[in-house]
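Student: I am attaching a structure below and will ask some questions about it afterwards.
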Amino acid sequence: MTTQLWLAAAVCLALSLMPWGRLALYPFTLFTTWVHECSHAVMAVILGGSVSSIVIQPDTSGLTRSLMPASTLAQGLVASAGYLGASLVGCCLITASRVQRRAKPILWGIGAFMLFTLVFWIRNLFGALVVIAWAVLLLALARQRTGGRLAIFLLSVLAIQVALNAVFDIRMLFLVHGRSDADTMARLFGPPAWIWAGLWMAASVAMLASTLRLTRGR
């Protein structure tokens with residue numbers, strides 16, 4: 001991995017060990033929630049459905065409402081897209097953060113897509129404020145003619161946080177009973193929620209391990 005990515009990983013680890021670390025990482029956790037919910041939304045659109053709303057709450061939970069075809073498989077793919085999509089995005093960001101010239105175009109793309117979701121999908125005030133704040137920050141960094149190192153450092157922190165939060169969020173499914181994506185899969189296909197959580201966990205860890213192995217060299 002690049003020096004910037006190692007530095008970002010060290011900073012994230014140090015913050016997570018401090019008493020106020022969770023507060024410092026709170027904006028990144030909200031960003032991961034946005035990625036998770038948008039993964040549901042994008043999969044719904046790909047499968048021919050439409051997105052009614054995305055809500056992001058202060059407790060970092062989120063909810064995506066969509067209109068889907070009457071297909072069990074399609075509903076299962078949308079339910080699985082949240083955690084697996086966040087893991088995939090985190091791994092893609094880790095790969096992209098290895099090359100400095102990619103940082104600003106990626107920040108442009110993420111910022112622009114955040115504004116798109118703000119207009120068409122986000123439907124609560126707190127969620128709108130989160131998306132506006134992140135979009136302004138990312139687009140401001142992308143516009144700077146200098147400061148490439150800062151841009152790639154932020155991209156590296158986003159990559160680390162999204163990838164790790166995706167795995168940690170799946171872990172919480174084993175502790176929470178009730179309404180969840182895993183519970184939706186259980187209702188659709190039969191096997192209990194913990195099996196789906198385990199499958200998502202295994203897939204996410206495999207993606208992260210493969211990405212780290214492939215990016216450890218120059």
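Student: If I ignore ligands, DNA and RNA and count only protein heavy atoms, how much of T211 is accessible to a 1.4 Å probe, in Å² to the nearest 10?
Tutor: 20
Student: Could I ask something else about it? Near the amide H of S53, under 5 Å away, which other amide H atoms are found, from residues 5 or more places off or on another chain, if H is placed in the peptide plane?
Tutor: Under 5 Å from the amide H of S53 lie the amide H atoms of R65, each far enough along the sequence or on another chain.
Student: Along the stretch 149-155, what does the Karplus equation 6.51 cos²θ - 1.76 cosθ + 1.60 (θ = phi - 60°) give for ³J(HN,Hα), rounded to whole Hz, x for Gly and Pro?
Tutor: Result, rounded to whole Hz: 5, 5, 4, 6, 5, 4, 4.
Student: Go through D181, D59, D169 and list them by solvent-accessible area, largest first, probe radius 1.4 Å. Please list the in-between numbers first.
Tutor: Details: D181 35, D59 105, D169 60 Å².
If we order D181, D59, D169 from most to least accessible, we get D59, D169, D181.
Student: Also, quick follow-up: Over the Cα atoms of the stretch 1-111, what is the Rg over Rh ratio if Rh follows Kirkwood? Could the numbers behind the result be given before it?
Tutor: Values: Rg = 16.3 Å, Rh = 15.7 Å.
Checking Rg against Rh, the ratio lands at 1.04.
Student: OK, next. How far apart, in nm, are two points set 7 Å out from the Cα along the Cα-to-Cβ line at A128 and at L17?
Tutor: Placing both labels 7 Å beyond Cα along the Cβ direction yields 4.2 nm.
Student: While we're on this one: Any chance you could look up the accessible area of C12 with a 1.4 Å probe, heavy atoms only, rounded to 10 Å²?
Tutor: 10
Student: Right, something else. What FRET efficiency do you get for S53 and M172 if R0 is 22 Å and r is their Cβ-Cβ distance, rounded to the nearest 0.05? Before the final figure, lay out the partial values.
Tutor: Numbers: r = 23 Å, r/R0 = 1.06.
Taking R0 as 22 Å, the efficiency between S53 and M172 is 0.40.
Student: Before anything else, pin down the relative contact order of the chain: Cα pairs under 8 Å, at least 6 apart, normalised by residue count, whole percent. Numbers along the way, then the final one.
Tutor: Details: 308 pairs, mean separation 59.2, N = 218.
Over the chain, the number comes to 27 percent.
Student: Write down the radius of gyration of the stretch 137-212 and its Dmax, each obtained from C-alpha positions, in Å.
Tutor: Every Cα atom of the stretch 137-212 included, Rg and Dmax give 17.4, 54 Å.
Student: Could you give P(r) for the stretch 76-218, binned at 10 Å from zero, as whole percent values over all Cα-Cα pairs?
Tutor: Going out from 0 Å in 10 Å bins, the stretch 76-218 shows 11, 33, 33, 19, 4, 0 percent.
The values are calculated or read from the model by the stated rules, or taken from the named source; none is laboratory data. These numbers come from a predicted model, not from an experiment. FYI the Cβ positions are ideal-geometry reconstructions off the backbone, even for glycines, and counts take in every protein chain you see. The area values use the complete protein model at the heavy-atom level, side chains included, leaving out ligands, DNA and RNA. Shrake-Rupley method; radii C 1.70, N 1.55, O 1.52, S 1.80 Å.
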